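The values are calculated or read from the model by the stated rules, or taken from the named source; none is laboratory data. What you see is a predicted model; the values in this text were computed from it and never measured. Surface accessibility is based on the protein's heavy atoms, side chains included, excluding ligands, DNA and RNA. Shrake-Rupley method; radii C 1.70, N 1.55, O 1.52, S 1.80 Å.
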Amino acid sequence: MAKDVEVGGEFQAKDYHDPPPAPLVDGEELTKWSFYRAVIAEFIATLLFLYITVLTVIGYKSQVDPDKGSDECGGVGILGIAWAFGGMIFILVYCTAGISGGHINPAVTFGLFLARKVSLVRAIFYMAAQCLGAICGCGLVKAFQKSYYNKYGGGANSLADGYSTGTGFAAEIIGTFVLVYTVFSATDPKRNARDSHIPVLAPLPIGFAVFMVHLATIPITGTGINPARSFGAAVIYNQDKPWDDHWMFWVGPFIGAAIAAIYHQFILRAAAVKALGSFRSSSAM
């Protein structure tokens, strides 16, 4: 890892070397407590994420319900819902980053897997824990407020009226690209080594990315960009409309995450050029 040294009042970074890629299959992980601790952290974080955010969505819809004589301009509004999602991601990534990496999202895990930041074993266990945590989080909301949960849609994602399937699909791809690209940039070890004299709190830009994407896409799809979030709400709410549209909340985020991983690793970090240069050097010997 590079360290900064101060020379003539200016910071200069020492040579940096990329960490080795994670093995595709690492069975040894299954023998370590730290691995299961990380999986549990992902489960709990996703549970809390869905519990707080779905409660916020249902509370807002209750506050503006015309059948209750409520003010349509009342409640937290879309801005408040976006803050709830972005704020919870900021909090939970901050709390779990040192334990599991703070993924809380199968699309993030998938992108990091494609970039060889996590093994296939860890990726599968993380995704399963995230989906199970999302189901439990939504289940808690329904258990405590069943009538409100059923009446106000359970926070389930679906394509809004007036938008085409292509528009919703594109919104999920682009929104997830923004999120996963931000994750790569905020956690880039080379950037941290180069700018170590500038304190950067990685969860902050990640939370802001979630906030901004929600502002843009809540009117279109209710904002998925997290397959576990969409899956948990669909399972507990269990109505036809969310299930009919559910495919786009998996396929779209995974495509967006893949594009972000390719863009960051092979264009910004020039992994392909480095690999070609290494191959040519070894061939010339």
- request: Return the sequence-ordered ³J(HN,Hα) values of the range 141-156 in whole Hz as given by the Karplus equation 6.51 cos²θ - 1.76 cosθ + 1.60 applied to θ = phi - 60°, using x for Gly and Pro.
  value: 4, 5, 5, 8, 9, 4, 5, 5, 4, 5, 5, 10, x, x, x, 6
- line: Expressed in square angstrom to the nearest 10, the accessible area of Glu28 with a 1.4 Å probe stands at 110 Å²
- request: Could you pull the accessible area for Val57 with a 1.4 Å probe, rounded to 10 Å²?
  value: 20 Å²
- request: For Trp83, Trp243, Trp33, write out the residues from largest to smallest accessible area, computed with a 1.4 angstrom probe and no ligands counted.
  value: Trp33, Trp83, Trp243
message: Taking θ = phi - 60°, what integer Hz values does the Karplus form 6.51 cos²θ - 1.76 cosθ + 1.60 yield along the range 102-107, in sequence order, with x for Gly and Pro?
response: x, 6, 6, 6, x, 5
message: Give me a comma-separated list of calculated 3J(HN,Hα) values for the range 110-125, in order, Karplus coefficients 6.51, -1.76, 1.60 applied at θ = phi - 60°, integers in Hz, x for any Gly or Pro.
response: 4, x, 5, 5, 4, 8, 6, 8, 9, 7, 4, 4, 5, 4, 5, 5
- prompt: When the accessible area of the range 28-267 is computed with all protein chains present and a 1.4 Å probe, what percentage of it is carbon and sulfur?
  reply: 66 percent
- prompt: Considering only protein heavy atoms, what per residue accessible area in square angstrom results for the range 28-267 with a 1.4 angstrom probe?
  reply: 44 Å²
query: Hey, what's the Kirkwood Rh for the range 28-267 if you take every pair of different alpha carbons, in angstrom?
result: 18.0 Å
